[in-house]
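The values are calculated or read from the model by the stated rules, or taken from the named source; none is laboratory data. Keep in mind the model is a prediction, meaning the values are calculated, not measured. For neighbour counting, all protein chains shown are included, and Cβ atoms are generated from backbone atoms with ideal geometry for every residue, glycine included. The area values use the complete protein model at the heavy-atom level, side chains included, leaving out ligands, DNA and RNA. Shrake-Rupley method; radii C 1.70, N 1.55, O 1.52, S 1.80 Å.
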Amino acid sequence: MTKITIAIDGFSSTGKSTVAKQLAKALGYVYVDSGAMYRSVTLYAMRNGFIEADCFDEEGLVSQLEHIKISFKFNEDLGFAEVYLNGENIEKQIRTLEVSQFVSQVATVSEVREQLVKQQQNFGKDKGVVMDGRDIGTVVFPDAELKLFMTASAEKRAKRRYDELIERGDDVCYEDVLINVQTRDHIDSTREDSPLTMAEGSIKVDNSNMTLEEQFDFVLKHSEEKIIEVHKKKRH
Ligand code: DC
């Protein structure tokens, strides 16, 4: 069957990665978490003194970009690809609230975006990819055959993220998580370079009141219909 590109964009903590992983598994596609790449660069910046207290040394980070190598390796047990920074598995370290607090700022830097977008386009060059992020349908794959835009209320999203962090054993309070979600929404959608917007032709998925199963059924149905449509077009 013909392979397509599926771009999933949306606000933070809308469950993009959950649905993207499910879709990739069901279709036999590769899943790429582009947010993990911005988080990896942020972790590198924190570890190397480019982010200290509230101070972000943007120039310093940009001068080191060539030393940041991000890769993904499929973990059979987990059923998805984990992210590696210069050969080290950092899947857990990038999901902390601390990294979340700085990542949107790092993601405003054009040089960072340019480097990561190139790599993301390379991951998707053979199609058969599901990628989630903020600019996948607008910048990374403007020609993606299927574009989904996920959204839900900030409170619902904060509650989901809070539950996740608590389950991991992190010591966080709900209000801090809500503020982080709202702050990131604002920075992500108002930045100059590649702000989060709904790409033309996107299907909007508001999952505030959807179960995971309903959401998955909805996106799978749209994906299968699109794959058949593209397949038929190619044969004619
Ligand atoms: O999806 P996430 O929450 O892991 O993403 C972390 C941050 O990275 C998010 O606040 C904005 C940024 N990001 C981006 O600017 N462009 C992308 N394609 C993916 C993420």
Original post:
How large, in percent, is the carbon and sulfur part of the accessible surface of the stretch 87-163 at a probe radius of 1.4 Å?
Top reply: 48
Original post:
residue 67: accessible area at probe 1.4 Å, nearest 10 Å²?
Top reply: 100
Subject >> Cα-projected label distance for residue 208 with residue 67, points at 7 Å along beta-carbon direction, nm >> reply: 4.6
**OP:** Can you tell me the dipole magnitude for the chain around its Cα centre, using point charges on the Cβ only (Lys, Arg +1; Asp, Glu -1), in Debye to the nearest 20?
**Re:** 1140
Subject >> Part-to-part distance (alpha-carbon centres) for the stretch 81-96 and the stretch 135-190, which is given in Å >> reply: 19
**OP:** Note the direction-averaged projected area, equal to a quarter of the hull surface, for the Cα convex hull of the stretch 1-65, in nm².
**Re:** 6.2
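Under a 1.4 Å probe, what is the accessible area of the chain per residue, stated in Å²?
The answer is 51 Å² per residue.
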Original post:
Over all distinct alpha-carbon pairs, what is the Kirkwood Rh of the chain in angstrom?
Top reply: 18.3
Original post:
Roughly how many nanometres apart are two label points built 7 Å out from the Cα toward the Cβ at residue 110 and residue 168?
Top reply: 3.2
Subject >> Column: log10 I(q)/I(0), Debye, Cα scatterers of the stretch 87-146, q = 0.23 Å⁻¹ >> reply: -1.09
